[in-house]
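The structure under discussion appears below in the form of structure tokens.
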Amino acid sequence: MLDLRVVPLPLDNLYQRLAHLPATSFYPLVEIKSDIIQTEQQLDAATLPLIIRERDTEYQFHRVVLYDRLLMGYPYKKASILKEARKDVPPIFRGDIWAALLEVAGNMEDLYISIDKETPTHMDRQIEVDIPRCHQYDELLSSCEGHKKFKRVLKAWVVSHPQYVYWQGLDSLCAPFLFLNFNKEYQAYACFSAFIPKYLHNFFLKDNSAIIQEYLAKFSHLIVFHDPALANHLASINFIPELFAIPWFLTMFSHVFPLHKIFHLWDKLLLGDASFPLYIGLSILEQLRDTLLESGFNECILLFSDLPEIDIERCVTNSIELYCSTPRSVTYRQHELSLTTSDSERSQLEISPITVAELQSEFCPRISAADVLDLLDMNHAKFSRPKVIVVDIRPPDEFHRGAVPGSINIPYSGDAQISCLTRHKGKIMVVAGSGRGPHACEFSRRLVSEGFSRVCTLHKGVQVLRSTNILVVPNAM
């Protein structure tokens, strides 16, 4: 029944709470560092946990007033919105801020209206089955009107993207955008359409096996890179990401967590690139680490069937730290949507595509020559000392014809002594071979089994560095 009653709510408490603020606080100057913005940064609440900041009236007032000005200047003020979003996102403007972060622009309303959302399709039945099961604890999304809007947005996406098919999980991906833009369906659709190619490029093809298998292989490599003890344990019980991580990544965790946690998680996710979700997954495992290390296969299955409480703020913080400490090429995927182009000389040093079968056969990730050069930082422009140690496993005669400065030669053999590497623990260890055969993969696997973290293999081997003029005769090091 439609209830037309209007219930007035008193604003006396809000007036009293903000009465001490000067009138100028309502008009921050966004082109310069105004006193108003500086005052906001000095508020005590600025250093408090996010959930407390969201409930602090004065802090939210300053954030809302600032974002209101910035959003009116979008897309011109996109860089400023991005900068402020790194601090936090006020709930009242979350939908509009997400749209800005996803670079939604143009007359999306007319585009959305022009899409046929009424003609029956073979996807309708599955959509109608999924919607009543998606975040139905929420009164808005579980309402009749919510179901209608859900169906329209999902159908609009399916119709406007004929290269894809409807997969279960799309409803969960759509839910946060619909909730935040309940009265702006077109913006929910626009955000949804921009989100998928950025983070889930080609995930919803009819045959998406290669895309998902590559993604999970990269996730396994990331676990090995940062947590060899956990990786060794999971490998010993044959507990692979296929058993638990597909719903995580296919829905960007929106099927796993309730909406209030997804909002905080995606506030940071939208600031990252397509690899950032992998670090979120790793951070979740880190919170479950102690339990996983004590569990067998069956216990792990039970653990993920009913996921324990996850601290999202801690998860986000850890994800950012892991992301910043990992070379970009470690998470390279050939199926990721490429937004940049590089010159031919630089591209020779980058990771080139390899088959999924090769990825799955390798226990450790690969690193590009370009990243190795950046980490070596021979001119000491970034670091006081190199962040990487190169372990050259070629025979001594090859090593002495040209090697990376500072590298250690441990010729590959079944009983190679690796104790000399103990003092280098904590650095990124790049195992470099000739670029032929499985020796680099086997040697790196042994390092991980001995508890060495941050181990990777050099893509294409030492040979790829010859064009850079960095190789020297070891006696001249």
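The values are calculated or read from the model by the stated rules, or taken from the named source; none is laboratory data. Since we're looking at a predicted model, the values are computed, not measured. Because the Cβ atoms are built from the backbone with ideal geometry, glycine has one as well, and the counts that use them run over all protein chains shown.
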Tell me, please, whether a residue that is closer than 21 Å to Pro386 by Cα and of a type in the set (Lys, Arg) can be found in region 447-454. yes
Are there any pairs, at least 6 apart or on different chains, whose C-beta atoms fall under 7 Å, with the first in region 436-448 and within 8 Å of Cys364 (Cβ to Cβ) and the second part of a helix (DSSP H, G or I) and modelled with pLDDT of 95 or more, and if so, which? Val448/Val224; Val448/Pro228; Val448/Ala231; Val448/Asn232
Check region 245-258 and report whether any residue there is in a helix (DSSP H, G or I), within 24 Å of Gly169 (Cβ to Cβ) and of a type in the set (A, V, I, L, M). yes
Arg423, sole failed condition from (1) at pLDDT below 90; (2) assigned to a loop (DSSP other than H, G, I, E, B): (2)
Could you list all residues from region 204-244 that are of a type in the set (S, T, N, Q), farther than 18 Å from Trp167 by Cβ and part of a loop (DSSP other than H, G, I, E, B)? Asn238
Just for region 121-135: of the residues that are in contact (Cβ under 8 Å) with a residue 12 or more places away in the chain and in a loop (DSSP other than H, G, I, E, B), which one is nearest to Asp171 (Cα to Cα)? Cys134
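How many residues does region 452-464 contain that are in a helix (DSSP H, G or I) and under 10 Å from Ser368 (Cα atoms)? So that I can check it myself, show each step before the final result.
Residues of region 452-464 in a helix (DSSP H, G or I): 462-464.
If we keep only those that are under 10 Å from Ser368 (Cα atoms) as well, we get 464.
Qualifying residue count for the region: 1.
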For residues in region 122-139 being surrounded by fewer than 14 Cβ atoms within 10 Å (Cβ to Cβ) and under 14 Å from Lys151 (Cβ atoms), which is nearest to the chain's Cα centre (by Cα)? Arg133
Among the residues of region 43-54, is any under 20 Å from Leu271 (Cα atoms), at pLDDT below 95, exposed (fewer than 13 other Cβ atoms within 10 Å of the Cβ) and touching a helix residue (DSSP H, G or I) at 6+ places or on another chain (Cβ under 8 Å)? yes
If you scan region 69-120, which residues turn out to be buried (at least 16 other Cβ atoms within 10 Å of the Cβ), touching a residue at least 60 places away in the same chain (Cβ under 8 Å), of a type outside the set (A, V, I, L, M, F, W, C) and outside any helix (DSSP H, G or I)? Asp88
If you go through region 188-219, how many residues are in contact with a helix residue (DSSP H, G or I) (Cβ under 7 Å, 6 or more places away or on another chain), free of Cβ contacts under 8 Å to residues at least 60 places away in the same chain and of a type in the set (Ser, Thr, Tyr)? 1
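Identify, from the list Glu118, Glu103, the residue that is at pLDDT 95 or above and closer than 27 Å to Lys148 by Cα. So that I can check it myself, show each step before the final result.
Details: Glu118 fails: at pLDDT 95 or above.
When all the criteria are applied, what remains is Glu103.
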Sole exception among (1) touching a Cys at 6+ places or on another chain (Cβ under 7 Å); (2) of a type in the set (Phe, Trp, Tyr); (3) over 27 Å from Pro49 (Cβ atoms) for Tyr76, by number: (1)
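Consider Ser295 carefully, then state whether it is of a type in the set (Gly, Ala, Ser) and part of a helix (DSSP H, G or I). Steps first, answer last, please.
On the way: of a type in the set (Gly, Ala, Ser): yes; part of a helix (DSSP H, G or I): no.
Spelling it out, it is not the case that Ser295 is of a type in the set (Gly, Ala, Ser) and part of a helix (DSSP H, G or I).
Can you tell me how many residues within region 169-181 are part of a loop (DSSP other than H, G, I, E, B) and over 21 Å from the mean Cα position of the chain (by Cα)?
Within region 169-181, the subset part of a loop (DSSP other than H, G, I, E, B) is 169, 181.
With over 21 Å from the mean Cα position of the chain (by Cα) added as a condition, the list becomes 181.
Qualifying residue count for the region: 1.
Determine if region 408-426 includes at least one residue that is crowded, with 21+ Cβ neighbours inside 10 Å and out of contact with any Lys or Arg (no Cβ under 8 Å at 6 or more places or on another chain). Show your work before the answer.
The first filter runs over region 408-426 and keeps only residues crowded, with 21+ Cβ neighbours inside 10 Å, leaving none.
Checked region 408-426: no residue is crowded, with 21+ Cβ neighbours inside 10 Å and out of contact with any Lys or Arg (no Cβ under 8 Å at 6 or more places or on another chain).
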All conditions in (1) without any contact (Cβ under 8 Å) to a residue 24 or more places away in the chain; (2) surrounded by 14 or more Cβ atoms within 10 Å (Cβ to Cβ); (3) part of a loop (DSSP other than H, G, I, E, B) are true of Ala274 except (1)
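Taking the options Phe399, Phe383, name whichever one is over 27 Å from Phe253 (Cβ atoms), aromatic (Phe, Trp, Tyr) and touching a strand residue (DSSP E or B) at 6+ places or on another chain (Cβ under 6 Å). Let's see the steps before the verdict.
Values: Phe383 fails: touching a strand residue (DSSP E or B) at 6+ places or on another chain (Cβ under 6 Å).
Being over 27 Å from Phe253 (Cβ atoms), aromatic (Phe, Trp, Tyr) and touching a strand residue (DSSP E or B) at 6+ places or on another chain (Cβ under 6 Å) holds for just one of Phe399, Phe383, which is Phe399.
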Yes/no for Leu205 being crowded, with 21+ Cβ neighbours inside 10 Å and not basic (Lys, Arg): no
Can you name the condition, by its number, that Ile428 falls short on among (1) among the β-branched types (Val, Ile, Thr); (2) in a loop (DSSP other than H, G, I, E, B); (3) within 25 Å of Lys218 (Cα to Cα)? (2)
